[in-house]
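First comes the structure, then the notes that go with it.
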Amino acid sequence: MHIYTQPKAQKLHIISATMIPTSLLLHLLLYLTLQPGRVKSDPDPLQDYCVADTKSPHPIFLNGAPCKDPTLATVADFTTSALSESGDTRTNQLGINVTLTTTTNLPGLNTMGLAMARIDFAGRGVVPPHAHPRASEVTICLEGVLLVGFVDTSGRVFTQELHAGESFVFPKGLIHFLYNIDSESSAMAVSGLSSQNPGTQIASLASFASKPPIPEEVLERAFRINAQDVARIRKNLGG
Ligand SMILES: *[C@@H]1O[C@H](CO)[C@@H](O)[C@H](O)[C@H]1NC(C)=O
């Protein structure tokens, strides 16, 4: 066993009495300025668990789902096979299928501040540029080879090729994508997300397939395209 011993202090910094209040003040100032902007994950649970009561006869709207009586909780509330089977990737044009744990298929995750997703990819399947407003995401490639990446708020892109067993983090709220670079073989990844309800906003769909649509003129100016382009993109995206 290795025991870490603290190295002996090599130098004593001499601090003048007038410097102490200044540094304290600085710390306090830093604390006060950083505090309001602190990024918070989902609220911490106030009890051991709050198994989602998805069968509540009276719908009430809370920040999360209402809790089932704790004495009625069973192990099934904490177990799911939702991610055990591959999703069908043939039924959509992107060649992907995303399966997510939710308070419905895994009621025990209510208030725990996390969720998981399984993503199945056909050859060249793509999860298009999108963001999760409430969650950071860590993904592990379990099968195949994926090209993943995100763009930060300065417009810088970070991309990486992931082989089976390799992981990547998508920081909270940033636009990111996952792409199966192989045209023949399928691929599969599992993600952990730091919210029970991460939310997903796909950039292309938010712009061109919202209901009701964003005024055409806005899209023409914003994307520097003409009315035909807007119509074509809308049609392609099912908007
Ligand atoms: C995902 O796969 C499931 C299970 O095969 C299927 O029922 C569902 O329609 C698929 N969803 C999409 C969007 O392709």
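Of note:
- Boolean, Met116 is under 23 Å from the mean Cα position of the chain (by Cα), in a strand (DSSP E or B) and either closer than 16 Å to Thr54 by Cα or more than 11 Å from the ligand (Cβ to nearest atom) (or both): yes
- Any chance Leu83 is within 16 Å of the ligand (Cβ to nearest atom) and either modelled with pLDDT of 90 or more or exposed (fewer than 11 other Cβ atoms within 10 Å of the Cβ) (or both): yes
- Filtering Ser194, Ser167, Ser185, Ser154 for residues that are within 29 Å of Thr101 (Cβ to Cβ), loosely packed, with under 14 Cβ neighbours inside 10 Å and in the same structural domain as Leu114 (by TED's automatic domain parsing) leaves a single hit, Ser185.
- Odd one out for Ile214 among (1) farther than 24 Å from His132 by Cβ; (2) not in a helix (DSSP H, G or I): (1)
- Test: residue in segment 75-92 that is over 30 Å from Asp152 (Cβ atoms), assigned by TED's automatic domain parsing to the domain that holds Thr153 and touching a residue at least 60 places away in the same chain (Cβ under 8 Å): yes
- Qualifying residues in segment 86-113 (those that are touching a Leu at 6+ places or on another chain (Cβ under 7 Å) and part of a loop (DSSP other than H, G, I, E, B)) - the one farthest from the ligand (Cβ to nearest atom): Thr103
The values are calculated or read from the model by the stated rules, or taken from the named source; none is laboratory data. All values reported here derive from a predicted model rather than from experimental measurement. Methodologically, a virtual Cβ is constructed for each residue, glycine included, from the backbone with ideal geometry; neighbour enumeration extends over all protein chains shown.
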